[in-house]
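As structure tokens, the structure follows; a few thoughts come after it.
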Amino acid sequence: MMQHARAPVHAAAAPPRLPRGQHRISTNNRYILVRDHADQEIGTTASRRTRRGDFLRAATWAITQRLHPKAGNTTLRVARDLAARLNADGHVAYCRDTTYKRLGISRRTLERHIAILRELGLLVWAVHGSRTNTRPAGSGEWAGTATIYAAVVPRAWDDAVGHRVRGHGYHARHVGFTEHGRQLAITEARRRTRPSRRRDTPSCKTNHPRPTAEMRGRKNNTSAPHGARPRPRRRHEVPEPYRASPSQAAHAVSVAAWIRPRVPWTQGEGLRRLAFALRPWIATGLSAADLAADLSVWRVPRRPTSPASMIMARWSETTGHDEPDADPCRGEDTPCGVPPNAAFREAMDAVRARLTRLSPPVEPEPDPPGFVIRDRILASLAEADRARRTRTAEQCLTFAEWEAVCDARERAPW
């Protein structure tokens with residue numbers, strides 16, 4: 001072994017690192033960027049956790065104040081895209097391969113502006129992405145670990161807007177305002193609640209003639225003319241088969257309360273709506289047991305959207321078929337139909353025979369045995385479970401859903 005192989009290396013002394021939670025403002029009142037990656041973690045950052053609104057305001061403030069020489073409009077676009085996908089904990093999945101396509105920029109540009117947000121103290125690492133395969137060995141599939149960022153705001157922004165902060169680092173809390181911050185907050189709240197001024201063009205303004213009151217005698221407490229009084233609004237007219245007295249309506253509610261737990265597809269409907277739909281059927285003299293038996297044999301979806309609407313539609317169809325059709329032969333000018341002759345029957349029989357030769361009837365296939373159906377169901381469930389475990393971070397809507405996917409992969413057998 002060479003003699004200088006274990007010789008100590010004399011490197012320049014590293015600058016002292018700022019303690020956690022300390023203001024990142026230098027002695028000349030200039031913002032100090034967070035260049036060290038070790039200070040861009042949740043456990044070592046000097047910034048506090050935040051939500052969407054403060055994150056966007058802090059990003060806008062940092063960019064407009066030119067705290068970073070390379071921050072610009074693209075940096076603000078990246079911050080807005082991350083803010084739109086923040087979850088309740090203030091975390092967001094990086095999703096680099098889909099974010100740069102959505103923003104219309106290159107991948108390198110996205111990485112550069114994400115690094116700018118980290119240096120400004122607006123993003124910290126919650127989970128580091130890794131290319132380690134999280135799929136079971138031997139599955140022939142690969143999926144890495146997603147990078148998760150946490151939205152934070154630096155202490156310099158809290159001081160600039162007059163926030164009083166308790167604690168240090170990521171878990172610090174905003175507890176109040178200074179006098180200057182209170183004035184800024186009041187001004188911002190007034191600006192948000194200020195109504196927008198709308199100026200209508202002269203053509204949109206109308207000056208309709210107004211009726212004048214009739215002066216009778218010396219009293220000025222006179223009523224307006226008869227035509228100026230608003231007409232009372234008419235109540236909705238209930239159709240004839242659904243009209244009921246209070247006692248009949250109460251009886252329909254009791255019948256519906258007896259039917260609903262016994263007919264599964266009606267359990268998603270409200271009790272009063274179901275009772276209203278059943279009023280015509282109850283008026284015919286059917287008992288609750290008869291109605292439950294009839295409703296149980298109807299061919300309806302398993303969970304219909306509106307069971308009451310289906311019952312009302314079925315009543316309309318029933319009453320329409322029960323009405324006798326008008327006899328077309330009653331009028332003198334309308335000719336009556338005649339039965340088909342023998343030539344027509346022979347022609348129809350020939351057509352039916354030809355159609356039978358062209359497309360012979362197909363015998364129905366026998367039902368598969370029970371064990372085949374069971375194997376198909378188990379295979380479909382296994383396929384669905386496999387597809388659920390193979391989802392990527394981009395396909396998950398929330399961070400909690402992605403954590404559940406990762407836990408399911410760890411618990412999966414080899």
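Each value in this text was obtained by applying a stated rule to the coordinates, not by laboratory testing. Keep in mind that what you see is a predicted model, and the values were worked out from it rather than measured. A quick note on method: Cβ atoms are made from the backbone with ideal geometry, for glycine too, and the neighbour counts reach across all protein chains shown.
See the values below:
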{"quantity": "Positive minus negative residues near L286 (Lys, Arg vs Asp, Glu; Cβ under 14 Å)", "calculated": "0"}
{"quantity": "Test item: Cα-centred dipole of the range 240-320, Lys/Arg +1 and Asp/Glu -1 on Cβ, debye", "calculated": "280"}
{"quantity": "Net charge contributed by nearby residues that have their C-beta within less than 14 Å of T187 (K/R +1, D/E -1)", "calculated": "+4"}
{"quantity": "The range 37-187 - charge dipole about Cα centre, Lys and Arg +1 at Cβ, Asp and Glu -1, debye rounded to 20", "calculated": "320"}
{"quantity": "Exposure proxy ranking, count of Cβ atoms within 10 Å, fewest first, for D385, D89, D54", "calculated": "D385, D89, D54"}
{"quantity": "Cα lying deepest toward the dipole's positive end in the range 240-320, options A275, A244, S287, charges on Cβ", "calculated": "A275"}
{"quantity": "Environment charge at V255 (Cβ cut-off 13 Å; Lys +1, Arg +1, Asp -1, Glu -1)", "calculated": "+2"}
{"quantity": "Lys/Arg +1, Asp/Glu -1 at C-beta; the range 37-187 dipole; positive extreme among A93, N73, T187", "calculated": "N73"}
{"quantity": "Residue order, fewest to most surrounding Cβ atoms within 10 angstrom, among F371, F276", "calculated": "F371, F276"}
{"quantity": "Alpha-carbon centroids, the range 36-61 and the range 101-123: separation in whole Å", "calculated": "15"}
{"quantity": "Fraction of antiparallel bridges per DSSP, the range 37-187 only, in percent to nearest 5", "calculated": "95"}
